[in-house]
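The values are calculated or read from the model by the stated rules, or taken from the named source; none is laboratory data. Since we're looking at a predicted model, the values are computed, not measured. Heads up, the Cβs are rebuilt from the backbone with ideal geometry, glycines too, and the neighbour counts pull from every protein chain shown. Remember, those area values only see protein heavy atoms, side chains included, never the ligands or the DNA or RNA. Shrake-Rupley method; radii C 1.70, N 1.55, O 1.52, S 1.80 Å.
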Amino acid sequence: MNNLEQKIRKNKPLFDQQFENKNKSSSVNLPTIKTGFSDGWDKGWGNYGKAMAIKK
Amino acid sequence: MLPAITNKLAQDIFQEERDVKLLWHAGEPMASGLKHFKELYAPFVGSKYITNVIQTNATIIDDSWCEFFKKNDFYVGVSIDGPEWANSNRVGRKGQTAYNDILKGIQKLKDHEIDFVVIAVVDFNTLDRAEELYSFFCELGCSWVGINLEENECVNQREICDDDRVLRFWEELFDCWYKNPIIELREISSALSWFQELNDSKHFNIDEYHLDLLASVAYNGDIVVLSPELLGGKAPMYNNFIVGNVAAESIFDVEKNIQEVAYVKDFSKGVLTCKAECEYFSFCRGGQASNKFYETGDFTSTETKYCRNSKKRVVDAIINQLNFQ
């Protein structure tokens, strides 16, 4: 892992906390926290299938 | 485009028995008129292999188009850049603003209970107004927004070259989303997904990357790969990026030999250099072919303004706003 990736991993507890607290304080499910990289055309419809799947 | 092209394409897809996402876009696909569009679409009707999406500026959406979208399960994307002041570049043939017609088209979609997403172009005028932009899209009724920062590609020569302002834009946009996450933002979503992947994968492996060929078919059946923006581009050394023609061969046969195509080879070299040099590689996966070529004239190049504006600064903004140490 490079320095940037290590920095993100090192802050995992903070990351989890930021979104755990958010989920507790809001009735809205955070739509974007999901695994997997973008698929398809990044400038167009990448991730769209996943977005629709979650919505439905 | 003639129906003969889509007939042949459908024939090849059905023979291959592969799931295919058909994205009707580039220019304005609805400008063909519904009658002609139905003729183009006819060979795909009812196919279990096809998912249809259409990207449109929505200005001519009426009840007939909505009924067609619903009947055929089309996913609909609307091109709108924000509130009226952000849409000065979206004009009709006589130069009149298209904004009100776009809103009318969106209202038609809502009347027919058709979900829609948005792709928005952000230019210099919008960079300092992220909060207004986010509020607008929340009220518009879309479920998802993709943000394209204006870039120098083919016919468009304008671009954004201001790292600090771009970083502030993403920071402000992330804050707005974090406080009120009722719609999905493609760029934020992709970055957070990568964060989570990094955090949760015991054996994070970027070697799993596969080249996304993303074949685009022109009106005359010509095929280009890697980036739709290459379609119509001029590059004699690469045969203007054309790798085949639907009328003459199966698109899947073209795919089988794609690694021998000169510009695909060059792009792959560039991706490998990105992988060796760039800390953000496991997120962006080597960038976009069209940006490499139109910005540098060289597919083997690495960082582009697109990388900085739409990948790196997004990651940096989230790291800043989440107060990572």
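Mind grabbing the accessible area of B:L149 for me, 1.4 Å probe, Å², rounded to tens?
10 Å²
Can you find, among B:V254, B:S290, B:M237, the residue sitting farthest towards the positive end of the charge dipole of the range B:216-324, where Lys and Arg contribute +1 and Asp and Glu -1 at Cβ?
B:S290
Which entries of B:K256/B:K292; B:K275/B:K312; B:K48/B:K70 show an alpha-carbon separation above 19 angstrom in the structure shown?
Numbers: B:K256/B:K292 24 Å; B:K275/B:K312 14 Å; B:K48/B:K70 16 Å.
Table pairs above 19 Å Cα-Cα are B:K256/B:K292.
Where does the charge balance sit around A:N2 when Lys and Arg score +1, Asp and Glu -1, over other residues with C-beta under 14 Å from its C-beta?
The answer is +2.
Hey, what's the per residue convex hull volume over the C-alpha atoms of the protein assembly as shown, in cubic angstrom?
Numbers: hull volume 55.2 nm³, N = 381.
Taking the convex hull of the Cα positions in the protein assembly as shown, it is 145 Å³ per residue.
Would you mind computing, in nm to one decimal, how far apart the modelled labels at B:Y219 and B:K35 are, each placed 7 Å from Cα along Cα→Cβ?
For B:Y219 paired with B:K35, the spin-label model returns 1.8 nm.
Longest span of chain B, sites excluded, free of trypsin sites (Lys or Arg not before Pro) in DSSP loop with at most 16 other C-beta atoms within 10 Å?
On the way: sites that count: B:R18, B:K48, B:R93, B:K94, B:R158, B:K202, B:K234.
No qualifying site falls inside B:235-325, the longest such stretch.
If you average 1/r over every pair of different alpha-carbon atoms in the range B:216-324 and take one over that average, what Kirkwood value in Å do you get? Don't skip to the end; give the middle numbers.
Details: mean 1/r = 0.0661 Å⁻¹.
Roughly 15.1 Å, rounded to one decimal.
Name the most mobile residue of B:S193, B:S47, B:S201, meaning the one with the largest mean-square fluctuation, in a Gaussian network model of chain B with Cα contacts below 10 Å.
Checking each option, the largest mean-square fluctuation is seen for B:S201.
Just add up the charged neighbours of B:G33: K/R +1, D/E -1, any other residue whose Cβ is under 13 Å from the Cβ of B:G33. Walk me through the numbers on the way to the answer.
Numbers: positive: B:K35, B:K38; negative: B:E28, B:E39, B:D62.
So the surrounding residues net to -1.
Write down the accessible area per residue of the range B:68-141 in Å², having rolled a 1.4 Å probe over the full set of protein chains.
Values: 3620 Å² over 74 residues.
Using a 1.4 Å probe on heavy atoms only, each residue of the range B:68-141 averages 49 Å².
Can you work out the Karplus-derived ³J(HN,Hα) for every residue in the range B:170-185? Use 6.51 cos²θ - 1.76 cosθ + 1.60 with θ = phi - 60°, whole Hz, and x for glycine or proline.
5, 4, 5, 5, 4, 4, 4, 5, 5, 6, 8, x, 9, 10, 9, 10
Rounded to whole Hz and in sequence order, give me ³J(HN,Hα) for the range B:19-24 from the Karplus expression 6.51 cos²θ - 1.76 cosθ + 1.60, θ = phi - 60°, writing x for Gly and Pro.
6, 9, 9, 9, 10, 8
So for the range B:3-200, averaging the separation of alpha carbon pairs under 8 Å that are six or more residues apart and normalising by length, what relative contact order in percent results? Please list the in-between numbers first.
Working: 251 pairs, mean separation 30.5, N = 198.
After rounding, I find 15 percent.
Could you pull the accessible area for B:V45 with a 1.4 Å probe, rounded to 10 Å²?
Rounded to the nearest 10, that gives 90 Å².
Which value, in debye to the nearest 20, gives the size of the charge dipole of the protein assembly as shown about its Cα centre, when Lys and Arg are +1 and Asp and Glu are -1 at the Cβ? Write out the running numbers ahead of the final one.
Numbers: 44 positive and 56 negative charges, 97 e Å.
Using only the charged Cβ atoms, the result is roughly 460 debye.
With the Cα gyration tensor of chain B giving a ≥ b ≥ c as the square roots of its eigenvalues, does the rule (a/c under 1.5 for rounded; else a/b larger than b/c for prolate; else oblate) give rounded, prolate or oblate? Mind showing how you got there, number by number?
Values: a/c = 1.58, a/b = 1.09, b/c = 1.45.
Oblate.
Please give the calculated 222 nm ellipticity per residue for chain B, where each DSSP H segment of at least 4 residues contributes -39500 (n - 2.57) and the sum is spread over every residue; nearest 500 deg cm²/dmol? Walk me through the numbers before you get to the answer.
Numbers: 12 runs with 130 residues, N = 325.
It lands at -12000 deg cm²/dmol.
Please give the net charge around B:Y99, taking every other residue with its beta carbon less than 14 angstrom from that of B:Y99, where Lys and Arg add +1 and Asp and Glu add -1. It would help to have the intermediate numbers written out before the result.
On the way: positive: B:R90, B:K104; negative: B:D81, B:E84, B:D101.
Around B:Y99, the charge tally is -1.
Non-local amide H neighbours of B:W144 (under 5 Å, H modeled in plane, Pro and chain starts lacking H): which ones?
B:V118, B:E184
Provide the solvent-accessible area of B:E249, counting protein heavy atoms only and rolling a 1.4 Å probe, rounded to the nearest 10 Å².
Around 70 Å² of this residue is reachable by solvent.
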